[in-house]
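Heads up, the thing below is written out as structure tokens.
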Amino acid sequence: MPVIYKISAPELVQFLGFAGDPGEAEKFEGFEAAPGAPLPGRLLEFLKTAAGNPLLHGIDLWTEPRWYGTLYGEMDGQIDSDLDDWIECPPEDGREISLYEFSQLPHTQWPKLLPDRLLIGRDDCGVITYGIRTDALAADEPTVEWNRETDPLSAWQADWPLSEFLLASVCDALLGRPSDIAEDLLADAGWHFTWHPNGTKALDAFGIDPAQLHHFHSLYPRSDEQETSLACCIADGELCLIETVGKSRAMLVLSRELPVPPQTA
């Protein structure tokens, strides 16, 4: 059976046998986070599978409409909440200083300093926020950016095309990030998890060509800040997740049959 190297986030979830809740997915039909801020087509397509899907519970991407909004809308809320306090005590924190400066400007001037963004998710600690520039929402493959709550408002880093961000969200969930919910559900459904610490030998054992793998960033970099990249494919009906950290490569295999033993060094 040939190796399938190209697989989308919805296809990956469907391969595992889990589906979203049609009632929850319907809530996104015609939804706009704000006037003129519709959800990108690729995101809407994924939410048909992700909304109400227990396998993806707790992922960083929001799967309920009520959480979606815009950066400007969130800034307005923070300004309204803190403005009275700023009158008595001027802000000293870098991010609050930035918010205060925006509060002194008409909204018409904000885009000259900071593009608005559709906010699409946040990490489980509430530290990292993910967004897409509102002027890119109509693009077929908009870029997903992230901003840390301790960073300046203008410090957004672009790391993923949207399709890679969605795929990384699913792969991270299968790897236990941010929780083991997916593993527990899949184990109950008859899936076996086998971790191959020697990823290079595992690729060879499964007949996987490393040159054909498509790598993308994990949403969860290692605490030592080493770059963590992911890749996935389907080989002989088994899902193979390849994780590379620095020069170290390992592979997680999900199978319904008795798993292949890990390859030793």
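The values are calculated or read from the model by the stated rules, or taken from the named source; none is laboratory data. Model, not experiment: these values are computed from the prediction. Note that each Cβ is placed from the backbone with ideal geometry, even for glycine, and that neighbours are counted across all protein chains shown. SASA here: full protein model, heavy atoms, side chains in, ligands and nucleic acids out. Shrake-Rupley method; radii C 1.70, N 1.55, O 1.52, S 1.80 Å.
Other residues with beta-carbon under 11 Å from the beta-carbon of Thr200 carry, at +1 per Lys or Arg and -1 per Asp or Glu, a net charge of +2. Of the residues Glu74, Glu164, ranked by 1.4 Å probe accessible area with the largest first, the sequence reads Glu74, Glu164. Applying both filters, DSSP loop and at most 14 other Cβ atoms within 10 Å, to the GluC sites (Glu not before Pro) of the stretch 1-46 gives Glu29. Using the alpha-carbon atoms, what tilt in degrees (0 to 90, nearest 10) does helix 41-50 show relative to the longest principal axis of the chain? Between the helix axis and the principal axis of the chain, the angle is about 60 degrees. Projected label points at Asp76 and Ala155, each 7 Å from Cα along the beta carbon direction, are separated by 2.7 nanometres. In whole percents, the pair-distance distribution calculated for the stretch 167-208 from its alpha-carbon pairs, binned every 10 Å from zero, is 26, 41, 32, 0. The modelled label-to-label distance for the pair His107/Ala139, using points 7 Å beyond Cα in the direction of Cβ, is 2.5 nm.
Structural descriptor for the stretch 116-265: relative contact order 18 percent, calculated from alpha carbon pairs under 8 angstrom and at least 6 residues apart. Helix 162-174 and the long axis of the chain differ in direction by around 60°, with both axes built from C-alpha atoms. For the stretch 11-41, applying the loop criterion from DSSP together with a ceiling of 10 other beta carbons within 10 Å to the chymotrypsin sites (Phe, Trp or Tyr not before Pro) yields no site.
Of the residues Leu174, His217, Asn198, the one whose Cα sits farthest toward the positive end of the charge dipole of the chain, with +1 on the Cβ of Lys and Arg and -1 on the Cβ of Asp and Glu, is Asn198.
If R0 equals 25 Å, the separation of the Cβ atoms of Leu44 and Glu227 corresponds to a calculated FRET efficiency of about 0.25.
Relative to the longest principal axis of the Cα atoms of the chain, helix 94-103 runs at roughly 50 degrees.
Among Tyr5, Tyr68, the order of accessible area from largest down is Tyr5, Tyr68, computed with a 1.4 Å probe on protein heavy atoms. The slack between His217 and Ser179, meaning 0.36 nm per residue of separation minus the straight C-alpha distance, is 11.8 nm. This model, with +1 at the C-beta of Lys and Arg and -1 at the C-beta of Asp and Glu, gives the chain a dipole about its Cα centre of some 1040 debye. With all protein chains kept in place, the per residue accessible area of the stretch 1-152 amounts to 54 square angstrom at a probe of 1.4 angstrom. The trypsin sites (Lys or Arg not before Pro) of the stretch 1-50 that DSSP puts in a loop, and whose beta carbon has at most 14 other beta carbons within 10 Å, are Lys6.
Only Cα pairs under 8 Å and 6+ residues apart enter the sum, and on that basis the relative contact order of the chain stands at 19 percent.
So if we plug the beta-carbon distance of Glu11 and Asp84 into 1/(1 + (r/R0)^6) with R0 = 51 Å, what FRET efficiency do we get, rounded to 0.05? Calculated transfer efficiency: 0.50. Taking 20 Å as the straight-line reach from the Cα of Lys201, the lysines in range (excluding those fewer than 8 positions away in the same chain) are Lys247.
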